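Heads up: the structure comes next, in structure tokens.
The values are calculated or read from the model by the stated rules, or taken from the named source; none is laboratory data. Everything numeric here is computed off the predicted structure, so don't read it as measured data. Note that we place each Cβ from the backbone using ideal geometry, even for glycine, and neighbour counts take in every protein chain shown. The protein model used for the area step is the full one, side chains on, heavy atoms only, and it has no ligands, DNA or RNA in it. Shrake-Rupley method; radii C 1.70, N 1.55, O 1.52, S 1.80 Å.
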Amino acid sequence: MIDMPSEVLRAKLVAQLKDEEVIRSPEWEAAMLSVPREAFLAGGWFEHDGGGWYRAASLADEPELIRRVYEDDSLVTQLGGVIFPFQLDGRLLQAPTSSSTMPGLVVRMLEDLQVSEDMSVLEIGTGTGYSTALLTHLLGDEQVTSIEVDPDVSARAGAALGGLGYWPNLVVGDGLAGHPEGAPYDRLIATCEVRTIPAQWIEQIKPGGVILATVGGWIHSSELARLTVQADGTAVGRFLGGGISFMFARPHQPPPLGLLPDVDSGDCRGAIYGPEILEDWTARFVAQLAAPQAQKIVLHREGRDEHLLVDVEAGSWALLSRAADGWTVRQEGPDRLWDDVERHVQQWHADGAPPLERFEVTVTPREQSISWATARS
Ligand SMILES: C[S@@+](CC[C@H](N)C(=O)[O-])C[C@H]1O[C@@H](n2cnc3c(N)ncnc32)[C@H](O)[C@@H]1O
């Protein structure tokens, strides 16, 4: 039995997000109050069931879960690139591949997008269509284009949006290529994470326009960046803070690890830093800049944990093992990954360990560079 109607729960969530100063403008408050999130979760979602397992949940089976829909939480809606909740009876151990992002983050990003009612917006990662609905509510059908890589996910979003009377331009395809047919746009917002901002995004946004996207890497540190497109075809901006992460745009997912290297070979030395430096979100981001192709895994060998950084493409690796008085690192391959990480992290410390909000992101048609402002600058 439903104990509290959707409108009441929605108003409570909106009040909470206003109190937290996540909702900052009356336009987005009105949009949040108007769009029922449950319309985008009609096929159910997956709940964590411990140890990476998921089980299905749905309002059709348990109407009282409407309260869950209005918690400020992300709800996974697809696993392993193919499985939707209605297809699962029991439990499943698979990686999430689509979700309804937590409403607080959705609206925070819409606020950060600095959009006004006369603008056109390109969204990357339609997902359930909830964020697309909020954009369409404010801007109208004609001004919103949303790209989703997965045709089934896009079709479900289209049905939910149409059911509420929203008809934005939904495109199925790789959002990393943008949608040149509708360009130029005033704004681009990505609700999947990228390693680098694609040149096509910059080409398709008007000079002075804004790109809002989460930039991260395979050691799993990331942050939301807001870039302004310049007249010379580059884009420049800063991270906005909050430690934001998303599921990767599918072409930016890490390659399979394959066969692990023979970690008993390589050169060995005492390490300056152990793997604990990677527990700090910003230091981990710095490490990722130093070893941009590296992935990190923990190996359990001979009764102890060892930490392996591996760059599958280049064939470089670094293994950190505990020693009596700290850590040793064993490395092999064309790059000495931990040497590079230590050098970068030492420099970042010497520069006063600035937070990610003081990092600048510059993207040209050929490359992306990320650097931090020193304490003196
Ligand atoms: C976190 S979900 C989006 C949440 C959505 N905005 C919402 O409010 O429900 C991320 C989505 O990005 C999609 N995606 C991943 N890679 C993509 C790509 N290269 N192009 C377009 N969409 C992509 C995924 O399939 C997934 O549906």
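Here are the numbers:
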| item | result |
| --- | --- |
| Verdict on Gln143 being within 21 Å of Ala177 (Cα to Cα) and among the polar types (S, T, N, Q) | yes |
| Count of residues meeting criterion [open to solvent by less than 60 Å² (accessible area, probe 1.4 Å) and farther than 30 Å from Val236 by Cβ] in region 315-338 | 15 |
| Filter result for the condition that a residue is part of a strand (DSSP E or B) and in contact with a Cys (Cβ under 6 Å, 6 or more places away or on another chain), over Thr328, Thr362 | Thr328 |
| Residue match in region 313-325 (condition: aromatic (Phe, Trp, Tyr), in contact with a Gly (Cβ under 9 Å, 6 or more places away or on another chain) and over 28 Å from Leu105 (Cα atoms)) | yes |
| Residue selected from region 233-253 under the condition more than 16 Å from the ligand (Cβ to nearest atom) and not in a loop (DSSP other than H, G, I, E, B), by the criterion nearest to the chain's Cα centre (by Cα) | Phe239 |
| From Glu203, Glu193, Glu181, residue being without any contact (Cβ under 8 Å) to a residue 24 or more places away in the chain and out of contact with any helix residue (DSSP H, G or I) (no Cβ under 6 Å at 6 or more places or on another chain) | Glu181 |
| Residue list for region 161-191, filter: open to solvent by 40 Å² or more (accessible area, probe 1.4 Å), over 26 Å from Leu41 (Cα atoms) and assigned to a helix (DSSP H, G or I) | Ala177, Pro180, Glu181 |
| Options Ile219, Ile189; residue that is over 18 Å from Trp281 (Cα atoms) and β-branched (Val, Ile, Thr) | Ile189 |
| Conditions (1) touching a residue at least 60 places away in the same chain (Cβ under 8 Å); (2) away from the ligand (no atom under 16 Å from the Cβ); (3) open to solvent by 50 Å² or more (accessible area, probe 1.4 Å); (4) within 30 Å of Arg366 (Cα to Cα): number failed by Pro256 | (1) |
| Condition broken by Met247, with the remaining ones in (1) open to solvent by 50 Å² or more (accessible area, probe 1.4 Å); (2) aliphatic (A, V, I, L, M); (3) free of Cβ contacts under 8 Å to residues at least 60 places away in the same chain satisfied | (3) |
| Residue list for region 339-377, filter: aliphatic (A, V, I, L, M), within 23 Å of Ala235 (Cβ to Cβ) and surrounded by fewer than 19 Cβ atoms within 10 Å (Cβ to Cβ) | Ala373 |
| Considering residues of region 76-104 that are away from the ligand (no atom under 12 Å from the Cβ) and in a strand (DSSP E or B) only, the residue nearest to Ile124 (Cα to Cα) | Ile83 |
| Of all residues making up region 6-37, the number that are crowded, with 19+ Cβ neighbours inside 10 Å and over 21 Å from the mean Cα position of the chain (by Cα) | 9 |
| Subset of region 30-51 (residues that are outside any loop (DSSP other than H, G, I, E, B), charged (D, E, K, R) and more than 13 Å from the ligand (Cβ to nearest atom)) | Glu47 |
| Every residue from region 134-160 that is in a helix (DSSP H, G or I), in contact with a helix residue (DSSP H, G or I) (Cβ under 8 Å, 6 or more places away or on another chain) and within 11 Å of the ligand (Cβ to nearest atom) | Leu134, Leu135, Ala157, Ala160 |
| Out of Ala95, Ala155, sole residue that is open to solvent by 30 Å² or more (accessible area, probe 1.4 Å) and within 28 Å of Gln204 (Cβ to Cβ) | Ala155 |
| Criterion (more than 9 Å from the ligand (Cβ to nearest atom), of a type in the set (Asp, Glu), open to solvent by 40 Å² or more (accessible area, probe 1.4 Å) and assigned to a helix (DSSP H, G or I)) met by exactly one of Glu71, Glu64, Glu111, Glu117 | Glu64 |
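For (1) within 16 Å of the ligand (Cβ to nearest atom); (2) modelled with pLDDT under 95; (3) open to solvent by 10 Å² or more (accessible area, probe 1.4 Å), each residue gets a yes or a no:
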| position | (1), (2), (3) |
| --- | --- |
| Pro198 | yes, no, yes |
| Gly208 | no, no, yes |
| Leu224 | yes, no, no |
| Asp264 | no, yes, yes |
| Arg284 | no, no, yes |
